[in-house]
Amino acid sequence: MTPTLPTPKPAFVPGRVSKAASVATSGGTTGKGPGKPSGKGKAPAAKPAANTASISAAIREAADAAKRRVLAIINAHVVPIDGEPFDGTVLVEGGKILALGASVQVPAGADVLDAKGQWLLPGFIDAHVHLGMNPEGELASTSDVNEMTDPVMAGVRAIDAVDPFDPGFDDALAGGITAVNVNPGSGNPIGGLAVALHTHGRYIEEMVLRSPSGLKSALGENPKKTYGDKKQTPSTRLGTALVIRQAFMAAQNWMAQPEPRPRDAHMEALAMVLRKEIPWRQHCHRADDVATAIRLADEFGYDLVIDHGTEAHVLGDVLAKRGTPVLIGPLFTTKSKPELRARSIANPGKLAAAGVEISIITDHPVVPINFLVHQAAFAIREGLDRDTALRSITINPAKVLGLADSIGSLAVGKNADLVLWSGDPLDVMQRALQVFIGGKPVYTYDAVSRVGAVASRV
């Protein structure tokens, strides 16, 4: 894996923090370095035994002080997504947005970052990736994206296979992406449980935003090929729908048993879908597969999300009437198999025009994750409304993931997942300069060295 670069100095680009709050520490000497004797030629005095309880308390106190510190990003062109853009200030405290507006007063003692007129937006969200499960540039044997040993793998969890040190997470930060939804692959009719994550961290539990965030299923060519090559069911679209139906029937029968029921990972996962605790994430491309996805959802009464939706615009009015969102993409690929023959960067605009709530996705590593915003920009060129394009990589995916109360837009009380851009991010010549997750700077682009640096994950 590629090593993490050190954070450039100064810590904020552009502008400087004009006042950094100091953190008090106990022990040591002033001006001579920690533990350095004050006299010359004298043997150092014996050190008292360390009081680990008081050291731990001091560390906690310092961490709490850092959380209480206020960061003020001033002179920014702020695009909150839900609300009109304005030129002004965003205040951050304790990892949350404390205040924002054109005339917000900066409290005394705050750390101040002068944005100098550059653009401040919420971190982007890619609601369909395979980050950490299917790293780029590695062997097929190192991929953990598909457990293709049985058509029904409802109980497997993406979280158990995500490597936070996959270089793709660094690429995500460089593209202004602060949250992702990691899905199992599409080799099975029922592929497993997804997880929504922040894009920086060393310990997966500290990165989790929601787990599970959905249950992945696949229609169309992928499961057909996987099991058709093995001469077992499903080898057709008929068989794939049968596998899904039988799994839900088994789950209904399991749920009908009196308590205490025997534990079963697959049944418990499917029961979460049937109880509408998590959405059913349906991989499908062709319009007839979208129709099958709708048919199955109506039959079993779960919340449906269409993933990919290459031909979903054909049924745009049906999806809009149902309120079914579509995660469309990846868009920057060839028509590599028959069910992709209708792929077009114009399709997001067609879906949105029909009234469907869309999110644009990269399916990383199919399309490099840092190209997410570029896909949105090219979709605008092909007819997608500009505001909808920004919503498709911010608040819309946040809604799909059940996280709209914390991420996806800038508002008081929401996570301070912020990205300072050199200009309009929909202009391909602009770039992310500074990325914050929970108010913590995790990525900086140094315009002098032309190098992006990610905060250490260890």
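If you take every residue apart from Val243 with its C-beta less than 12 Å away from the C-beta of Val243, what net charge results, scoring Lys and Arg +1 and Asp and Glu -1?
Overall, the nearby charge balance is +2.
Over 32 Å apart at the Cα level, from the set Lys350/Lys399; Lys335/Lys440; Lys231/Lys337; Lys96/Lys116; Lys335/Lys399; Lys276/Lys350, are Lys335/Lys440. Computed from point charges on the beta carbon alone (+1 for Lys and Arg, -1 for Asp and Glu), the dipole magnitude for the chain about its Cα centre is near 1220 Debye.
Order these peptides, 280-289, 243-252, 390-399, by their mean beta-carbon neighbour count within 10 angstrom, highest first.
Values: 280-289: 23.9, 243-252: 18.3, 390-399: 25.4.
For the peptides 280-289, 243-252, 390-399, the packing ranking is 390-399, 280-289, 243-252.
Net charge of the neighbourhood of Pro184, taken over other residues with C-beta under 15 Å away and scored Lys/Arg +1, Asp/Glu -1, is -4.
Compared with the dominant Cα axis of the chain, that is its longest principal axis, helix 287-300 is turned about 90°. Find which of Thr226, His266, Thr236 sits farthest along the positive direction of the dipole of the chain, computed with +1 on the beta-carbon of Lys and Arg, -1 on that of Asp and Glu, about the Cα centre. The residue sitting most towards the positive pole is His266. Taking amide H positions as modeled 1.01 Å from N, with prolines and chain starts lacking one, the residues under 5 Å from Ala99 and 5 or more places away or on another chain are Leu91. Highest mean packing first, where packing is the average number of other Cβ atoms within 10 Å per residue, the peptides 112-121, 404-413, 368-377 line up as 368-377, 112-121, 404-413. Just the protein heavy atoms count here, and of the accessible area of the stretch 247-344 at 1.4 Å, carbon and sulfur take up 53 percent. Rolling a 1.4 Å probe across the protein heavy atoms gives the stretch 66-217 an accessible surface of 36 Å² per residue. Based on C-alpha pairs under 8 angstrom that are at least 6 apart in sequence, the chain has a relative contact order of 19 percent.
Beta bridges assigned by DSSP with both partners in the chain are antiparallel in approximately 60 percent of cases. Taking every alpha-carbon pair in the chain and binning the separations at 20 Å intervals from zero gives 24, 50, 22, 4, 0 percent.
When both the stretch 244-261 and the stretch 127-165 are represented by their alpha-carbon centers, they are found 27 Å apart.
Quick one: net charge of Cys284's neighbours, Cβ under 14 Å, K/R +1, D/E -1?
Details: positive: Lys216, Lys224, Arg237, Arg281, Arg286, Arg295, Lys337, Arg343; negative: Glu221, Asp288, Asp289, Asp307, Glu311, Glu339, Asp363.
Summing Lys/Arg as +1 and Asp/Glu as -1 gives +1.
For the stretch 81-149, a Kirkwood hydrodynamic radius built from all Cα pairs, placed in the Stokes-Einstein relation at 25 °C and 0.890 mPa s, yields a translational diffusion coefficient of 150 µm²/s. For the stretch 93-158, the residue among Gly117, Ser141, Val106 whose Cα projects farthest onto the positive side of the dipole built from Cβ charges is Val106. So for the chain, taking the charge dipole from beta-carbon charges (+1 Lys/Arg, -1 Asp/Glu), which of Thr89, Val162, Ser336 sits furthest toward the positive end? Working it through, the farthest residue towards the positive pole turns out to be Thr89. Restricting the calculation to Cα atoms, the stretch 131-213 yields a radius of gyration followed by a Dmax of 12.5, 37 Å. With a ≥ b ≥ c the root eigenvalues of the C-alpha gyration tensor of the stretch 326-435, is it rounded (a/c under 1.5), prolate (a/b larger than b/c) or oblate? Here the stretch 326-435 falls in the prolate category.
Given charges of +1 on the Cβ of Lys and Arg and -1 on the Cβ of Asp and Glu, with all other atoms neutral, how large is the dipole of the stretch 196-300 about its Cα centre, in debye to the nearest 20?
I would put it at about 280 debye.
What you get for the stretch 315-458, charging only the Cβ of Lys and Arg (+1) and of Asp and Glu (-1), is a dipole of about 300 debye around the Cα centre. Quick check: from the Cα gyration tensor, does the stretch 185-257 come out rounded (a/c under 1.5), prolate or oblate? Because a/c hits 1.5 or more and a/b fails to exceed b/c, the stretch 185-257 counts as oblate.
Rounded, prolate or oblate: which fits the stretch 137-280 when a ≥ b ≥ c are the square roots of the eigenvalues of the alpha-carbon gyration tensor, with rounded for a/c under 1.5 and prolate only if a/b beats b/c? Oblate shape, in that a/c is at least 1.5 and b/c is the bigger or equal ratio.
Ellipsoid semi-axes for the stretch 396-458, based on the Cα gyration tensor and the rule √(5λ), read 24, 16, 10 Å when sorted largest first. The base-10 log of I(q)/I(0) for the stretch 242-387, evaluated at q = 0.08, 0.21 Å⁻¹, reads -0.27, -1.22 [Debye formula, identical scatterers on Cα atoms, solvent excluded].
The values are calculated or read from the model by the stated rules, or taken from the named source; none is laboratory data. Quick caveat, the model's predicted, so the values are computed rather than measured. Heads up, the Cβs are rebuilt from the backbone with ideal geometry, glycines too, and the neighbour counts pull from every protein chain shown. Each accessible area value is taken on the protein alone, full model and side chains, heavy atoms only, with ligands, DNA and RNA left out. Shrake-Rupley method; radii C 1.70, N 1.55, O 1.52, S 1.80 Å.
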